[in-house]
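Q: Dropping a structure here in structure tokens format, bear with me for questions.
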Amino acid sequence: MTGSYLLELSRWNVKNDGTNAVTTSAGINNALSWAATEGFAELVLPNGVYLIDENNPIIPQSFLTLNLGGATLRIRDNSLPSYSIILLNNKQHVRIINGKVEGDRYTHNYDSGGTHEFGVGINLRFGSKNITIEDLEIYNTTGDGIIGLTSYGGIGGGFPQLPGNLEQGGINTTNGTLTPDTNRIRSSINIPMVPQITNLGYFGLYGDSYGGIGNEISTDTFDVIFYKSNNSFLSSITDLHFFDEIEVPTEASYAKVVLHQSTIPTPQGIRITIRTPEFPKHIYIEKCNIHHCRRLGVAICGMKQCYIRGCEIHHISGTSPAGAIDIEDGYDLNQYIYIDENNIYDNKAYNIIVIAGRHINITSNRIQQGIFTINSGADKVIVSDNHFHNSDPRLSGETIFSNNHIYNSRMRLLGTSEALVNNCKFHNSAINFDKQKAYVAQINNCKFLFDDDFYLASSNPGAPLIFSIEPQTISNSVFEGSGQEAFTVVPAGAYDWQLENVSFINIKHRSNRVTGLPPGTYNGCQFIHSGRLNSNPGPNFSKFEFNNCYFKWDSYPLFYIGSSIKVDTLIISNCYFYNPSTSDYAFYMNGNWGNILFSNNTFNYLNGSSSSMIEITRTASIESFALTSNTFLAKNMNAIKSDNSPTVKLFAKDNILFNTRLQLSNSHLRFDNIIDNIRYP
């Protein structure tokens with residue numbers, strides 16, 4: 001196919017002055033059909049405004065480019081709840097380029113009731129594939145700028161389904177024989193390769209109309225074994241996933257499936273359906289300006305291999321969800337979606353919504369305003385190299401979130417799926433941990449900076465770091481600066497958090513609110529002018545352990561701790577405490593404690609000349625306190641003062657003290673401590 005055809009207005013009875021919608025739509029469609037039949041590669045419209053009949057959308061033809069030539073396709077004002085300006089239904093190898101597609105949003109008649117949210121600019125339906133939409137401005141639709149829709153693909157005529165038709169056992173994938181296997185279940189019926197399947201060349205195991213596979217299905221993996229009409233083995237495909245397309249080999253008469261789980265679901269506990277959905281794939285939306293649509297910029301409702309690149313999508317508002325890009329209906333049928341180098345801004349509610357799907361890549365976008373959300377139905381999502389401004393990322397699905405810059409936002413880590421936040425820069429952007437499962441979220445190699453703009457914000461942005469009850473991991477990261485609230489929030493019941501090589505720098509609250517720490521292990525962490533630190537134990541077993549940590553502070557007690565809830569274990573080992581100018585406590589201990597161990601630490605008070613480094617109050621309840629192999633340096637201080645707590649089982653052994661003292665009760669034990677170069681037994 002070669003050559004371009006410039007549409008002849010009079011020949012096709014087409015108007016480019018914004019009139020005669022009925023004849024214009026019919027004429028353009030007739031010209032497109034003729035050009036495709038004649039072997040042209042492209043049809044070009046003369047510049048102008050073409051009024052499109054709301055009942056007769058423009059239908060591009062396969063293997064043909066529709067070049068708008070800078071012209072505008074404008075829908076006629078109407079009262080329909082749904083319409084398409086351009087419709088592609090099972091088309092392939094089509095390009096639509098270079099022009100404008102305009103809806104009737106502001107002149108539409110909404111009086112018939114309902115949302116009128118399905119008036120779309122370009123409608124990609126069912127088996128459309130290899131479609132390019134490029135250099136278009138799409139705007140003012142009552143619904144979406146672009147929508148891609150899958151068919152359901154149900155198979156009628158009493159076609160067998162899996163609920164109620166599964167049995168214990170496997171199938172040999174090399175010869176098709178049935179095998180005993182307590183770790184597998186198989187179909188007890190044959191799945192016939194009916195014409196609906198063989199004509200398309202594939203079928204699949206999909207969820208129900210809402211994407212659900214059933215609460216008694218514990219696997220995502222299965223095998224398919226094909227047989228010939230004489231019941232002999234033909235071939236097999238192993239380790240497939242739900243929502244994959246299963247290619248049917250020549251000569252296949254029927255198939256059986258084997259699910260990789262041991263338990264047979266009840267008919268009510270399985271929602272898997274055998275279907276043949278047709279969906280758009282290999283769709284390229286590039287360099288488009290999509291704006292002022294009422295519902296969505298781009299709606300992905302069952303698509304594969306879709307690329308949205310270099311677009312501007314903005315000012316979407318009017319009806320829910322009022323967002324730029326929504327990956328939703330079709331659920332896990334949405335696969336291999338690439339959203340790259342777009343500018344997304346000023347959308348009413350959402351910028352990007354991923355309700356369900358897998359293998360979704362969101363890279364190098366500029367995202368401003370609105371909510372960015374990866375819901376729990378999404379898997380294998382990569383969000384990388386983006387800039388978020390006044391946008392709140394919410395990660396519930398399985399996500400790698402890396403190399404992003406986040407400004408004036410709040411990230412929320414939700415749900416139970418794994419989330420890795422790696423090598424990101426957060427500027428005046430807080431983070432909420434709210435995972436409902438332990439150790440599924442990790443923050444690594446990130447920098448959180450909070451400056452005066454955060455502190456002086458007219459709307460209180462809240463605490464910069466909010467922990468969850470379920471423990472997670474933070475590593476190789478820096479938190480610096482402070483805000484209007486205390487830096488952290490620790491919920492009751494938090495436990496076993498893991499922090500490694502995390503630095504808290506200048507996070508001290510300007511009105512001296514306490515920085516709460518969750519129970520857990522702190523390895524190689526730094527606390528530099530971090531404000532008063534406090535333990536927040538839960539009602540169950542609570543353990544705090546600080547190893548190889550560095551503390552620098554002055555003008556306030558460092559650990560000012562006195563919880564009425566018991567801290568079962570406190571271990572401070574190989575840490576360095578540095579107070580360069582004052583004599584304020586490193587530890588002021590009240591409250592209820594189990595076993596405490598301070599070992600191999602250094603306490604350096606450069607100008608410490610009064611008070612105590614560690615003080616145990618009269619009312620403190622401590623089961624045991626071991627002070628071993630520590631070094632205490634000052635001008636004239638108590639290393640520890642506990643003479644008013646004779647009931648505490650305390651012993652001090654192998655400590656080295658310079659210009660410091662052990663002010664203990666007679667009931668406390670002392671062994672081999674060196675004080676000012678003199679060993680005291």
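The values are calculated or read from the model by the stated rules, or taken from the named source; none is laboratory data. Because the structure is predicted, anything quoted here is derived from the model rather than measured. With ideal geometry, Cβ positions are generated from the backbone for all residues, glycine too; neighbour counts draw on all protein chains shown.
Q: If a residue must be among the aliphatic types (A, V, I, L, M), under 15 Å from Leu166 (Cβ atoms) and buried (at least 19 other Cβ atoms within 10 Å of the Cβ), how many such residues does the range 224-265 contain?
A: Of the residues in the range 224-265, 6 are among the aliphatic types (A, V, I, L, M), under 15 Å from Leu166 (Cβ atoms) and buried (at least 19 other Cβ atoms within 10 Å of the Cβ).
Q: Follow-up. For a quick check of your reading: which strands (runs of 3 or more DSSP E) sit entirely within the range 328-377 and have at least 2 residues that are assigned by TED's automatic domain parsing to the domain that holds Cys293 and at positive phi?
A: The strands (runs of 3 or more DSSP E) meeting that bar are 350-363.
Q: Let me ask another. Can you name every residue in the range 443-470 that is crowded, with 17+ Cβ neighbours inside 10 Å and of a type in the set (S, T, N, Q)?
A: Selection gives Asn444, Ser468.
Q: Could you check how many residues of the range 316-338 are modelled with pLDDT under 95 and closer than 11 Å to Lys304 by Cβ?
A: 3
Q: Residues that are under 40 Å from the mean Cα position of the chain (by Cα), of a type in the set (A, V, I, L, M) and over 21 Å from His282 (Cβ atoms): does the range 28-47 have at least one?
A: Checked against the condition, which is being under 40 Å from the mean Cα position of the chain (by Cα), of a type in the set (A, V, I, L, M) and over 21 Å from His282 (Cβ atoms), the range 28-47 yields no hits at all.
Q: Please specify each residue of the range 574-583 satisfying the condition of being touching a Cys at 6+ places or on another chain (Cβ under 9 Å) and either hydroxyl-bearing (Ser, Thr, Tyr) or touching a residue at least 40 places away in the same chain (Cβ under 8 Å) (or both).
A: Matches in the range 574-583: Tyr576 only.
Q: Moving to a separate point now. Give the range 327-349 a look and list any residue that's surrounded by fewer than 24 Cβ atoms within 10 Å (Cβ to Cβ) and either under 14 Å from the mean Cα position of the chain (by Cα) or of a type in the set (Ser, Thr, Tyr) (or both), or say none.
A: Tyr336, Tyr338, Tyr345 - these are the residues of the range 327-349 that are surrounded by fewer than 24 Cβ atoms within 10 Å (Cβ to Cβ) and either under 14 Å from the mean Cα position of the chain (by Cα) or of a type in the set (Ser, Thr, Tyr) (or both).
Q: Restricting to the range 194-223, count the residues that are surrounded by 14 or more Cβ atoms within 10 Å (Cβ to Cβ) and under 23 Å from the mean Cα position of the chain (by Cα).
A: 6
Q: Please find, among Ser477, Ser384, Ser396, the residue that is surrounded by 19 or more Cβ atoms within 10 Å (Cβ to Cβ) and either aliphatic (A, V, I, L, M) or not assigned by TED's automatic domain parsing to the domain that holds Asp496 (or both).
A: Every option except Ser396 fails the conditions.
Q: Sort out for me the strands (runs of 3 or more DSSP E) sitting completely within the range 272-321 that have 3 or more residues that are of a type outside the set (A, V, I, L, M, F, W, C).
A: By residue number, 281-286, 304-309.
Q: Going through the range 410-427 one residue at a time, which ones are surrounded by 22 or more Cβ atoms within 10 Å (Cβ to Cβ) and either closer than 14 Å to Phe448 by Cα or charged (D, E, K, R) (or both)?
A: Met411, Val421, Cys424, Phe426
Q: If you don't mind, there's one more thing I want to ask. Got at least one residue in the range 220-242 being assigned to a loop (DSSP other than H, G, I, E, B) and under 16 Å from Arg275 (Cα atoms)?
A: yes
Q: Give me the pairs, please: first residue somewhere in the range 207-227 and at positive phi, second residue anywhere and not in a loop (DSSP other than H, G, I, E, B), beta-carbon distance under 7 Å, and either six or more positions apart or on two chains.
A: Gly211/Tyr331; Gly211/Asp332; Gly211/Ala356; Gly211/Gly377; Gly214/Gly269
Q: Kindly indicate which of Tyr50, Tyr5, Tyr83 is at pLDDT 95 or above, assigned to a strand (DSSP E or B), aromatic (Phe, Trp, Tyr) and under 22 Å from Ile285 (Cα atoms).
A: Tyr83
Q: If you don't mind, there's one more thing I want to ask. Given Ile246, Ile264, Ile285, Ile197, which one is more than 30 Å from Val94 (Cβ to Cβ), hydrophobic (A, V, I, L, M, F, W, C) and touching a residue at least 40 places away in the same chain (Cβ under 8 Å)?
A: Within the list Ile246, Ile264, Ile285, Ile197, the selection yields Ile264.
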